[in-house]
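All of the numbers you see were taken from the coordinates with simple rules; none came from a lab. Here the structure is a predicted model, which is why all the values come from computation and not from measurement. Don't worry about glycine lacking a Cβ; one is built from the backbone with ideal geometry, like all the others, and counts go over all protein chains shown.
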Amino acid sequence: MKHTKRLIAILSLLLIPLLFLTSCGETVPESKTLRTLTDDMIVAMKTGDAEAAFSLVAASCTQEEFDTFYEQFEPVFLVIEDYELYLHATAEEEKDGRLYESAQYILLSDAKQLVLSANMEKGTNALSGFLVGEPEENLKTYIETSGTVTTLDKTTGWQWVALAASLLEIAFILWMAIDCALRKIESKFLWISLILLGIVTLSFSFGDGSFGFDFAISFIFDYTALIGHVRDLVSLHVMLPIGAVVYFFLRKRLKAPTLPEEETKKVYKSYIPDDEK
């Protein structure tokens, strides 16, 4: 009965991280108009058509402001020929009684990788903002195609194995946390914190059509997964529950808090020698 209750508790708690991992929250649908305007801006910039590019943002900036932007970023777009545009995030914001739509895109080409942020007032057909960024990190790792809890429909066999391993790791962490909570040991709160927070993730990236390798260590929770990205790039995240493993091997050696010893009660007994009875 005791083990059954523990198992039920573990399975119940296991639902919490599963819901956290699979929850995408409220998503804002991508605006087709904003996507079209972004594509038009890219084409105008990479073909050197300054007049067409300005017409897309003329309602929100002056010619002088645009000229500064165009002079800075025209060389960036001129080297781009074929490209792929991926949606990264969307949002809506109300400002001064007006509703604005925004989207962040990742542009991939053989020559450049760019982050593009575009926004427009809802119901219009003109950009109210267009920002360009050239980050140093490999943006292809942001575009996940399979192997995650949000792309299960395209997940392959080995990717399912990685996700199953992740569930077992999470179950092990919760099992150790419950065991620690029920065991009489010193510094119980610190041990539970170590079990739940003592997680390190090793990340490896390889592929991309040529030999490549990237390695990173993160203390931010990231479940074990073999993730497929665009252009044959693959990354492997390995979650290491170091805190739970340390507790597992030391749990039987941990001692309960030492209680103060009670004073030995003195018992007095009357004693009368036999010869005096």
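Reported value for segment 38-130: 90 Å³ per residue, from the convex hull of its C-alpha atoms. With a Förster radius of 45 Å applied to the beta-carbon distance between Leu131 and Thr156, the computed FRET efficiency rounds to 0.80. For segment 44-108, the list of GluC sites (Glu not before Pro) that fall in a loop by DSSP and count at most 15 other C-beta atoms within 10 angstrom reads Glu81.
Charging the Cβ of each Asp and Glu at -1 and of each Lys and Arg at +1, and nothing else, the dipole of segment 41-93 about its Cα centre rounds to 80 debye.
Taking the charge dipole of segment 22-167 about its Cα centre, with +1 at Lys and Arg Cβ atoms and -1 at Asp and Glu Cβ atoms, the residue from Leu85, Pro75, Ala53 reaching farthest to the positive side is Leu85.
Charge tally around Thr38: other residues with Cβ under 12 Å, Lys/Arg +1 each, Asp/Glu -1 each, net -2. Couplings for segment 96-109, taken from phi via the Karplus curve 6.51 cos²θ - 1.76 cosθ + 1.60 with θ = phi - 60°, read 6, x, 10, 9, 10, 9, 9, 8, 10, 10, 10, 9, 10, 8 Hz in order; Gly and Pro are left as x. Evaluating 6.51 cos²θ - 1.76 cosθ + 1.60 at θ = phi - 60° for every residue in segment 84-93, the Karplus couplings come out as 10, 10, 10, 6, 10, 7, 10, 7, 10, 8 Hz, glycine and proline recorded as x.
Other residues with beta-carbon under 14 Å from the beta-carbon of Thr148 carry, at +1 per Lys or Arg and -1 per Asp or Glu, a net charge of -2. When the charge dipole of segment 131-214 is built from unit charges on Cβ atoms (+1 for Lys and Arg, -1 for Asp and Glu) and taken about the Cα centre, the candidate among Gly147, Val132, Ile170 whose Cα reaches farthest toward its positive end is Ile170. Within a Cβ distance under 14 Å of Glu81, other residues only, what is the Lys/Arg minus Asp/Glu net charge? Its environment carries a net charge of -1. When Rg and the Kirkwood radius Rh are both evaluated on Cα atoms of segment 144-250, their ratio Rg/Rh stands at 1.09. The HN-Hα couplings worked out from phi for segment 189-204 by the Karplus form 6.51 cos²θ - 1.76 cosθ + 1.60 (θ = phi - 60°) are 4, 5, 5, 5, 4, 5, 5, 7, 10, x, 10, 10, 10, 9, 10, 10 Hz, whole numbers, x standing for Gly and Pro. Close amide H partners of Lys122, meaning residues 5 or more places away or on another chain with modelled amide H under 5 Å apart, are Leu99, Tyr100, Glu101. Peptides 164-173, 28-37 ordered by packing proxy, namely the average of other Cβ atoms within 10 Å per residue, highest first: 164-173, 28-37. Taking square-rooted eigenvalues a ≥ b ≥ c of the alpha carbon gyration tensor, is segment 119-205 rounded, prolate or oblate, where a/c under 1.5 means rounded and, failing that, a/b exceeding b/c means prolate? Prolate, since a/c reaches 1.5 and a/b exceeds b/c. Taking amide H as placed 1.01 Å from N in the peptide plane, Leu233 has its amide H under 5 Å from the amide H of Asp208, each at least 5 places away in sequence or on another chain. For the cross-link pairs Lys32/Lys122; Lys95/Lys122; Lys32/Lys140, the ones whose C-alpha atoms lie over 18 Å apart are Lys32/Lys140. Gain on full extension, evaluated as 0.36 nm per residue between Glu94 and Asp67 minus their Cα-Cα distance, stands at 6.9 nm.
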